[in-house]
Amino acid sequence: MKYVEIKRLSRKLRRHQTGYEKRLWAKLKDRQQDGFKFLRQHPLLYDRQGNDLNFFVPDFYCPKAKLAIEVDGFIHDTSKIHDKHREEILRSMGIRIIRFKNDEIGEMENVLMKIREQLVLAPTPTPPYK
């Protein structure tokens, strides 16, 4: 896929977030988690074959912490092999992955605690501008 198409897809995914993704995004945006910046539906390129780029688009990504967050709905129940392969590639890039099931998002404090535990392993972020 060409880079222009990847950008278009990412924008479409941002416009059509699930309700669970929206709830988590409300807690991640604007550096609310210990000053770490998160991106939503940001493409991660991992291979190039000619003009075609191979990529993944995690639900949320923190570049400073190299942390990808996935909110898994029922569709992921049928794509476990694909998800495992994807995780192997991301880990080879030094990116850690956290997965949450939709119903876990209802326990937001637990979700945020697990995210903060992973952020502790990352370098200190740049403070947000006020």
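The values are calculated or read from the model by the stated rules, or taken from the named source; none is laboratory data. The structure displayed is predicted, hence computed values, not measured ones. Cβ placement follows ideal geometry from the backbone for every residue including glycine, while neighbour counts extend to all protein chains displayed.
Tabulated values for the structure
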| quantity | calculated |
| --- | --- |
| Close pairs from the stretch 28-42: first surrounded by fewer than 18 Cβ atoms within 10 Å (Cβ to Cβ), partner assigned to a loop (DSSP other than H, G, I, E, B) and at pLDDT 95 or above, Cβ under 6 Å, at least 6 apart | Arg31/Lys37 |
| Within the stretch 1-42, tally of residues that are part of a loop (DSSP other than H, G, I, E, B) and either of a type in the set (Lys, Arg) or in contact with a Phe, Trp or Tyr (Cβ under 6 Å, 6 or more places away or on another chain) (or both) | 4 |
| Long-range neighbours under 6 Å by Cβ, at least six apart or interchain, first residue surrounded by 11 or more Cβ atoms within 10 Å (Cβ to Cβ) within the stretch 4-23, second part of a helix (DSSP H, G or I) and not polar (S, T, N, Q) | Tyr20/Ile105; Arg23/Ile105 |
| Total residues in the stretch 43-61, condition closer than 17 Å to Ile89 by Cα and in a strand (DSSP E or B) | 12 |
| Near pairs, Cβ below 6 angstrom, 6+ apart or cross-chain, from the stretch 100-117 (on the phi < 0 side of the Ramachandran plot) to any residue that is exposed (fewer than 15 other Cβ atoms within 10 Å of the Cβ) | Asn102/Gly73 |
| Members of the stretch 79-130 that are modelled with pLDDT of 80 or more and in a loop (DSSP other than H, G, I, E, B) | Met93, Gly94, Ile95, Glu107, Val120, Leu121 |
